[in-house]
Amino acid sequence: MWSLVLMGVAGLLVGGAISFRQQKSPLWVQVVFYVLAGMSLLAAYLLTLPAS
């Protein structure tokens, strides 16, 4: 369940980064959004691993 929520958040963050690129925002803002999206996808993946 939470992995799906995190994947959705990652999608929103990537969309925000693309939007900021079109608005000619500073590069660091775009990088932060992409990094947060990557962290969200990593967290979603880690939640799918079996607990041992």
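The values are calculated or read from the model by the stated rules, or taken from the named source; none is laboratory data. Note that the structure is a prediction, hence the values are computed from the model and not measured. Ideal geometry is used to build each Cβ from the backbone, glycine not excepted, and the neighbour counts take in all protein chains shown. Just the protein is used for accessible areas: all its heavy atoms, side chains included, with ligands, DNA and RNA removed. Shrake-Rupley method; radii C 1.70, N 1.55, O 1.52, S 1.80 Å.
How would you rank 24-36, 3-15, highest first, on the average number of other Cβ atoms within 10 Å across their residues?
3-15, 24-36
How much mean residue ellipticity at 222 nm does the chain get from its helices, if each DSSP H run of length 4 or more adds -39500 (n - 2.57) and you divide by all residues, to the nearest 500 deg cm²/dmol?
My calculation for the chain gives -29000 deg cm²/dmol from helical runs alone.
Over the chain, with the other protein chains present, what is the accessible area per residue in square angstrom, probe 1.4 angstrom? Intermediate values should be presented prior to the final figure.
Values: 3980 Å² over 52 residues.
Value for the chain: 77 Å² per residue.
Based on the Cβ-Cβ distance from residue 39 to residue 1, what FRET efficiency comes out when R0 is 25 Å, to the nearest 0.05?
0.85
Helix 27-48: angle to the longest alpha-carbon principal axis of the chain, degrees 0 to 90, nearest 10?
In the chain, helix 27-48 runs at an angle near 10 degrees to the longest axis.
Of the listed values (i) 43, 14, 11; (ii) 46, 16, 8; (iii) 75, 16, 6, identify the label whose number matches Cα extents along the principal axes in Å calculated from this model.
Of the labelled values, this structure produces (ii).
Could you work out how far helix 2-22 tilts from the main Cα principal axis of the chain, as a 0 to 90 degree angle to the nearest 10?
10 degrees
Return the carbon/sulfur percentage of the accessible area of the chain, one whole number, probe 1.4 Å, all protein chains in place.
C and S fraction of accessible area: 76 percent.
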